[in-house]
Structure formats: C-alpha cells, structure tokens
1. Under 30 Å between C-alpha atoms is the cut-off here; go through region 28-368 and count lysine pairs that meet it, provided they're at least eight residues apart or on different chains.
2. In which sequence would GLU248, GLU340, GLU92, GLU207 go, from the one with the fewest C-beta neighbours within 10 Å to the one with the most?
3. Among bridges DSSP assigns within the chain, what percent are antiparallel (round to 5)?
4. Which order results if ARG262, ARG328 are arranged by neighbouring Cβ count within 10 Å, fewest first?
5. Could you put VAL358, VAL342, VAL280 in order, starting from the residue whose Cβ has the fewest other Cβ atoms within 10 Å?
6. Give, in nm to one decimal, the length gained when the segment between LYS206 and ALA163 is fully stretched (0.36 nm per residue of separation minus the Cα-Cα distance).
7. Take the alpha carbon atoms of region 304-335, find their center, do the same for region 81-138, and report the distance between the two centers in whole angstrom.
8. For ASN196 and GLN104, compute 0.36 nm times the residue count separating them, minus their Cα-Cα distance, and round to one decimal in nm.
Amino acid sequence: MITFKFYCFLCLLLATVMLSSGGRLVKADAFPVGGGMVPAMFIFGDSLIDNGNNNDLNSFAKANYFPYGIDFDGGPTGRFSNGYTMVDEIAELLGLPMIPPYSQASSSKEQTIHGVNFASAAAGILDITGRNFVGRLPFNQQIKNFENSLDQITDNLGAGDVAQMLSQSLFFVGMGSNDYLNNYLMPNYPTRNQYNGQQFADLLSKEYTTQLTKLYNLGARKFVLAGIGRMGCIPNIIAHGTNGRCSEDVNQLVLPFNENMRTMINNLSTNLPGSKFVFVNVDNMFQDLLSNARSYGFRVVNRGCCGIGRNRGQVTCLPFQTPCPNRREYVFWDAFHPTEAVNVLMGRKAFSGTPDFVYPINIQQLANIP
C-alpha cells in the first residue's frame, strides 16, 4: 500500500535566513564554529532528518540525487528535501555548525564535537520495520553507532568533560512513522493481523522507552521527541485513496502512539533522575498548517512538488525529474516529505512555541536549563 516512509513529520525548527522562490539559499560554511546555546546535538530518526547516512548503504531509501537538494547549497547530500531538514534548522537556531552524518564523521574533534546525525531513511523503532527497502539503520543500530562516536569523542575530550558535555547537549529523536508506513500498513507484514491499533502503539511505546533509557544510561539528559504528524494527509496516502482527501482511518490509527508519548515522557521524567523531555506535537502543528495554509503562504497542500501519479504521490521524486518552480507554496516536497518551507515554519513553533505545539516547555527553554 505504501512504498516509503514519511515519518511523523515531526518537523521542527526555525529559520532566520532568506527564502528564495524555491527555498532558502544559505552557505553551509556560514554557521559559527562554536558558541552555541548547547555544546552539541545528537540526532536519531528516519528520512525526515537523514542527511546522508543511507548514501552508502545497499538501500532503496536514498535521496542523494537531483532534484533533492535543489535549494541546498552543495546540492544533493542525502537529505529528503529540496533544502534544509528540520535538524539543520535546529542547529542553526542553536548556533551550532552543520551536524555531520555518522557515515561521514571521523574521529576528528572538529567533525564530531558539536554532534552527529545518526538518522536513517526507512528506520523504525522496531528492527524489522523498513525491510522492504533492504538497507537501513533501525533505532537500535543508531544507538550502537552513537556508542561508537562516544568512544571517539571521549578520546578527544576525556571522560569527565564528555559526561558534562552530554548532560548539556540535546538529543533529538524522531521515530515511529515508518513503523506504520513501512510495517503496520504494509500488506507483506503480519503486524496488522497480530495487533490492533492500540496494541501496536503500546508495543512501540514499550520498545521506545527501553531505547530512550539506553541513551540516558549513555549520558543523555535533554531529550526532544517528535510525535507523528497527520500521516493520512501525505500525498502517498491520498493517492492510494478513492476520494482525493486525507485518510481519517490512517490519522486515527497513529493517534494512540502520540497519546502514549505524553505518558511515556511523564514516566521517563519521573524514573530517570536529571532527565528533561520535550514533546513536539507535530499532529497539532500540521492541523494548524492545513487550517491556515493560505495565511502561511501555502497554496498546494495535497500533492507533492516532485513525484509521479495521482497527487504526485504514487511514485516519489525520480532522478533528474523537474520539480515545481514555486516550492515555497507547497506543503509537500515529494510523496512523503514536507518542503523546506514547512520545516522552517514548524521549527519556529518547536523552538519557541506554546504548549499546544511543544510540551511541557519548548526547545529554547530546554536549551537554557543549566
């Protein structure tokens, strides 16, 4: 039914740079080398925030070809966007340099000291999720890769300094969408016959809790967790429907996962001393975006800027396909992922928004906690 992942669309972050007609044009080397609000940011997730980790994998989930990156200075990098991803925006807002992907990070202090991106397209909370794309790095493997990077960083800084650095750094995690798009909703998976919607959400929450606790035991203290967005409204889901509208069945399916996340965050905050959690309510953000699209400058809300078939969502953006010229007016870049403009808008809400969008505090407030 669905041949890719979209992920929550959890999106977050802010922008203070110029938008062109298609997206923001910014020099990658324009970021400051240090002096950020936090020492570093470590990123875990799927294709919404993968910035190149799948490039060298034997995987069908790749975006290292034009027109991906058409508005990114440097062109295609593996980002599933026309330009910046949400975590690029977060890094900029926090005053951090561009965070390198794990696949390109070395033991060099300069490359890893401000964080590493471990995200992988098609990855899920469950290891089995995304197997239809062959190569991908599930959340459990991303955590193992973080351990490897931790060894490198410790060699550079020393154990005491690393512990202090980690306690003040942000750990951004955006997982869960693929566990629905590329597992539960896929006809070649048995999951839907084994669990109803609530049971599956509970299964994910249990595993997610274990994984986040592992990160805590490795030194993480400040967590930013993104929920799943209005998955029933992505072009691929609409394209597989019959009425040209959002699938409320799919939207309702993922609600228990988001509801469980609030409970999970409260429990983790209680059980993990010194931990602080922020929940980014991507579902609320997306509902607000759809309801007020025109006022935000968006004209096209139900089809991709680049793709093939109904709603440009049946087949995702192909190599060297010509995308729409007015990318700033599109909510979706391809069959599954939002445009840079949406990442910017939702990032602003995540960074400094109110509790209806980011709970119980926003990213800016989290970063400023000693």
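1. The number of close lysine pairs in region 28-368 is 24.
2. Least crowded to most crowded, the residues run GLU248, GLU207, GLU92, GLU340.
3. 30 percent
4. Lowest to highest Cβ neighbour count: ARG262, ARG328.
5. Fewest-to-most ranking of VAL358, VAL342, VAL280: VAL342, VAL358, VAL280.
6. Stretched out fully, the LYS206 to ALA163 stretch lengthens by 12.8 nm.
7. Cα centroid of region 304-335 versus Cα centroid of region 81-138: 23 Å apart.
8. 29.1 nm
Each reported figure results from applying straightforward, stated rules to the coordinates on display, with no laboratory input. A quick note: this is a predicted structure, and the numbers were derived from the prediction, not measured. Every residue, glycine among them, receives a Cβ derived from its backbone with ideal geometry; neighbour counts consider all protein chains shown.
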